[in-house]
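S.K.: First the structure, then my questions, so here it is.
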């Protein structure tokens, strides 16, 4: 059983942008994809996911259209805008730099750098 992990501030937005970059998708499917790909470590409850989707849409990073889902229900399908693609590229590069730096720090031995 994998422990759930709290996401640092702003991380959910980045992960949503990445999932939506793969193609138009509705909110529930975004939550499922995040949970599945992360092996249940990342979970996006409705109370976090939908406000994040609205925030990204209001910032012009996502656009949305109402469409029918595979189950026949109407849902809002999100897609990345040109501005969203640029934001994803910038944030992903920043995140990769940060995680590399944290990895270097965590790799320190008690006697100094390895």
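S.K.: What's the angle, to the nearest 10 degrees (0 to 90), between helix 27-37's Cα axis and the longest principal axis of the chain?
M.R.: 30 degrees
S.K.: List 78, 50 from most exposed to least, where exposure is judged by having the fewest other Cβ atoms within 10 Å.
M.R.: 50, 78
S.K.: Quick one: 6, 65, fewest Cβ neighbours within 10 Å first, how do they rank?
M.R.: 6, 65
S.K.: To the nearest 10 degrees, how steeply does helix 46-58 sit against the main Cα axis of the chain, on a 0 to 90 scale?
M.R.: 80 degrees
S.K.: Say each of residue 95 and residue 83 gets a label point 7 Å from the Cα, pointing the same way as Cα to Cβ; how far apart are those two points in nm?
M.R.: 2.0 nm
S.K.: Using the 10 angstrom Cβ neighbour count as an exposure proxy, how do 99, 81, 71 rank, fewest first?
M.R.: 71, 99, 81
S.K.: log10 I(q)/I(0), Debye, Cα-only the range 11-106, no solvent, q = 0.16, 0.22, 0.23 Å⁻¹?
M.R.: -0.68, -1.16, -1.24
S.K.: Another question, if that's okay. What FRET efficiency, computed as 1/(1 + (r/R0)^6) with R0 = 25 Å and r the Cβ-Cβ distance, is obtained for residue 71 and residue 6, rounded to the nearest 0.05?
M.R.: Efficiency, rounded to the nearest 0.05: 0.20.
S.K.: Treating the angle as unsigned and between 0 and 90°, give the value, to the nearest 10°, between the Cα long axis of helix 82-106 and the longest Cα principal axis of the chain.
M.R.: Helix 82-106 and the main axis of the chain meet at about 20 degrees.
S.K.: Per residue of the chain, what 222 nm ellipticity follows from adding -39500 (n - 2.57) for every DSSP H run with n ≥ 4, rounded to the nearest 500? Present the calculation step by step, with values, prior to reporting the outcome.
M.R.: Details: 4 runs with 60 residues, N = 114.
That comes out to -17000 deg cm²/dmol.
S.K.: For residue 59 and residue 102, compute 0.36 nm times the residue count separating them, minus their Cα-Cα distance, and round to one decimal in nm. Mind dumping the intermediate values first?
M.R.: Numbers: separation 43, 0.36 × 43 = 15.48 nm, distance 2.93 nm.
So the chain would gain 12.5 nm between residue 59 and residue 102.
Every read-out reported here was derived from the displayed coordinates using simple, explicitly stated rules and does not represent laboratory data. Treat the numbers as computed from the prediction; the structure is a model and nothing was measured. Note: ideal-geometry Cβ built from the backbone for every residue, glycine included; neighbour counts use all protein chains shown.
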